[in-house]
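Asker: There's a structure below that I have some questions on.
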Amino acid sequence: MTRKITIDPVTRVEGHGRVTIHLDEYGQVKDSFFHIVEFRGFERFIQGHPYWEAPVLVQRLCGICPVSHHLAAAKAIDQLVGVDPIDLSPTATKLRRLMHYGQVFQSHALHFFYLASPDLLFGVDAPAEKRNVVAVAVENRELAVKGITMRKYGQEIIKAVAGKKIHGILAVPGGVHKTFSEKERDYFLDGKYIENIDTMIEWSIAMVDFMRNYHEANRKFLDDFAYFPSGHLGMVNEMGGLDLYDGKLRAIDSEGNRTLNDISTDLYQQYFTEAVSQWSYMKFPYLKEVGREKGWNRVGPLARLNICEFITTPLAEKARQEFIAFTGKRVNNSTMYSHWARLIEVLHCAEEIKLLLNDPDLMGNDLVRKGTERHKGIGIIEAPRGTLTHHYEVDDKGMITKCNLIVSTTHNNDAMNTAVKWVANNVISRKGHITDGMLNQVEVAIRAYDPCLSCATQAMGKMPLKAEVYNAKGELIDEKSKY
Amino acid sequence: MKNLNIENSNILLVGIGNCGRRDDGLGWKFADLTRQFKAKGIDCEYRYQLQVEDVLMICRYDKVVFADATHTTIKKGFEIRPCAPASHYYYSSHMQSPETILYLAKELYNKTPEAYTLAISGHNWGLGTVLSREAQENLRKAVDFFQKKFLRFINKSTG
């Protein structure tokens, strides 16, 4: 008799989805799927709206990464008014970067402290009631306080530049609508009202050290768990360094060979296409030239560290070198190293925020530039979860006629499905019975990619992730639902 | 930078909900009306949902009131209850209960503000920004009670 396991909802991820695991008559995993069951469809209903509404409307895709959508859309809309990234004023570029680094900083802090740390501190087999941030707070007060404060710091940065922590507005076509004041800058530097940026850097270093020690203590598990070869995609600057806001697209295969060689973001359509599946609302992007089977790429912190040649800030670069030296491998294909990579990016963002706060351009008054209007605009940024593409086309009246969004989590669709298969095959298969700890490991594998399922499908409503186990007759024999 | 100016306030009102979902906006509307009332010593904040980091916000006040819409039909249209710290955690990172936030305040920062939940009955949860007639009436009653009686009570309490 075959069986099917369902995990529903998958917990501590942003948005809702479902995992199904199909077992054969011997209890061996026959197949597994990570279904995304949310759907909203921003790509369609934004059509007919004036282009300048896009950066405001599309950020409503999500309450977790609205800044990423706001900025990617803004970069695309800049092109519609004839302004390329290089033509933006230094003040506008730097304010947008400040907002972006604040977003990545707070988003990564949220993921590590609130979502991932319970698995790391208590173990993947810990009882469900322990696997949450409240338990972390009780047992590791210092870590919890740092996590909350770091998240808050990033959110305050966003609020200072965009007016609100969630769904604020900074960018307008060709620039930004406000500058930064000395009072606002000092708020983040002097430490009178909140911890200052030097403390954020210090704590970020401590978190990276914590993770390195954690890897030393748990090396085999972290090396092996959900390991699989894959491509990696991200953005780099002209020198090959990590750049989260603007640059060229680069992809490598699992051995480090280039599969996409620093192409202009405007050319993404020539190189990427998307497959669909009957069992998920989330698409499957891949490199046309490499093909559907091997052309998909991981995106996000681990991919970015794999594709870049250096990090532009010194402390994060030192941490990156230690990260590479730890395994001795230039390309890291171990899912669980995503957490370490994410914390290195936290440090990078803190360093960048400090540089920007001390840059007088931030308080300039050259806010908006203009150029010759165009009919097509493409904006790509490295969002916390990976490469995010916004593409708009407009008619002569400036009304949007086409919108294509390739969201970070969508790029990771194949990776997350492969990770689920790894856990199904290596942890659940042929075990006779299925424990809560085993099912949590499915979630641990997905959680490492920090998926934002709302963004990926432009989700609607409350549809949390669920896991189901089916037998060979297709009968539901076990399920987990935490909503 | 609003948070820089709270030193003179000792009561925080947190309006919770989504004003784009009709009666789910009751918490925000209540906060709007409280701000218009200009009661001395009250700050108002707005949240779609409570999040873990909101613990930092409530720690800065002696007294906190969480105002939210409820699906439950309450005979008099609203209900104010004391709220105590309790350890329960929702699976999502961005949807916590007032009790959890109070619990984190106690555990992490050794702060236990005197807290209350104000639940106002809603009836229509569809898309839109206009409250249903029933919700408007319940809101009116809640505001009336809050301004005429509850504020006097909470200002007298030791906190």
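We did not get these values from a lab; they are worked out from the coordinates using the rules stated. Just so it is clear, the model here is predicted, and its values are computed rather than measured. As a convention, Cβ positions derive from the backbone with ideal geometry for all residues, glycine included, and neighbour counts pool all protein chains shown.
Asker: Could you list which residues have their amide H under 5 Å from that of B:G128, counting only those 5 or more apart in sequence or on another chain, with H placed in the peptide plane?
Answerer: Sorted by chain and number, the residues that satisfy this are B:R21, B:R22.
Asker: How high is the relative contact order of segment A:264-304, in percent, with contacts defined as C-alpha pairs under 8 Å that are six or more residues apart?
Answerer: Computed over segment A:264-304, the figure is 27 percent.
Asker: Hey, what angle do you get for helix A:197-217 against the long axis of chain A, alpha-carbon based, 0 to 90 degrees rounded to 10?
Answerer: 20 degrees
Asker: Scan around A:R298 for amide H atoms under 5 Å from its own, H built in the peptide plane at 1.01 Å from N, and keep only partners 5 or more places away or cross-chain.
Answerer: Those qualifying (amide H under 5 Å, at least 5 residues apart or on another chain) are A:G231, A:H232, A:L233.
Asker: Each label point is 7 Å from the Cα along the Cα-to-Cβ direction; what then is the distance between the points at B:Q49 and A:R219, in nm?
Answerer: My value for the distance between the label points is 4.0 nm.
Asker: On to the next question. Where does chain A land at 222 nm, in deg cm²/dmol rounded to the nearest 500, when only DSSP H runs of n ≥ 4 count, each adding -39500 (n - 2.57), divided by all residues? Intermediate results must be reported in sequence, preceding the final value.
Answerer: Numbers: 18 runs with 191 residues, N = 483.
Helix contribution divided over all residues of chain A: -12000 deg cm²/dmol.
Asker: Classify segment A:95-209 from the C-alpha gyration tensor, please: rounded if a/c falls under 1.5, else prolate or oblate depending on whether a/b exceeds b/c.
Answerer: It comes out prolate by the Cα gyration axes.
Asker: So for the protein assembly as shown, taking the charge dipole from beta-carbon charges (+1 Lys/Arg, -1 Asp/Glu), which of B:T129, A:Q269, B:L102 sits furthest toward the positive end?
Answerer: Selected residue: B:T129.
Asker: Here's something else I'd like to know. With +1 on the Cβ of every Lys and Arg and -1 on the Cβ of every Asp and Glu, and nothing else charged, how large is the dipole of segment B:110-159 about its Cα centre, in debye rounded to the nearest 20? Could the numbers behind the result be given before it?
Answerer: Working: 8 positive and 4 negative charges, 50 e Å.
Once rounded to the nearest 20, the dipole reads 240 debye.
Asker: What residue among A:I344, B:L56, B:F78 has its Cα farthest toward the positive end of the dipole of the protein assembly as shown, where the charges are +1 on Lys, Arg and -1 on Asp, Glu, each on the Cβ?
Answerer: B:F78
Asker: Just how large is the dipole of segment A:94-150 about the Cα centre, in debye to the nearest 20, putting +1 at every Lys and Arg Cβ and -1 at every Asp and Glu Cβ?
Answerer: In total the dipole reaches around 500 debye.
Asker: Return one number: the angle in degrees, 0 to 90 and rounded to the nearest 10, between the long axis of the Cα atoms of helix A:436-447 and the longest principal axis of the Cα atoms of chain A.
Answerer: Taking the Cα atoms of chain A, the angle to A:436-447 is about 30 degrees.
Asker: Once amide H atoms are built 1.01 Å from N in the peptide plane, which residues 5 or more positions from B:L50, or in another chain, come under 5 Å H to H?
Answerer: B:Q96
Asker: Using the Cα centre of chain A as the reference point, and only Cβ charges (+1 on K/R, -1 on D/E), how large is the resulting charge dipole? Debye, rounded to the nearest 20.
Answerer: Charge dipole of chain A: 820 debye, to the nearest 20.
Asker: While we're on this one: Which of rounded, prolate or oblate describes segment B:17-159 when judged by the alpha-carbon gyration tensor and an a/c cut-off of 1.5?
Answerer: Details: a/c = 1.87, a/b = 1.26, b/c = 1.49.
Verdict is oblate for segment B:17-159.
Asker: How far is helix A:314-327 tilted off the main Cα axis of chain A, in degrees rounded to 10, range 0 to 90?
Answerer: 20 degrees
Asker: Estimate the FRET efficiency between A:K370 and B:L127 by the formula 1/(1 + (r/R0)^6), using the beta-carbon distance for r and 45 Å for R0, to the nearest 0.05.
Answerer: Given R0 = 45 Å and the Cβ-Cβ separation, E is 0.80.
Asker: Another one. Shape of segment A:215-283 from its Cα gyration tensor (a ≥ b ≥ c, root eigenvalues): rounded if a/c is under 1.5, otherwise prolate when a/b > b/c, or oblate?
Answerer: Note, shape of segment A:215-283 comes out oblate.
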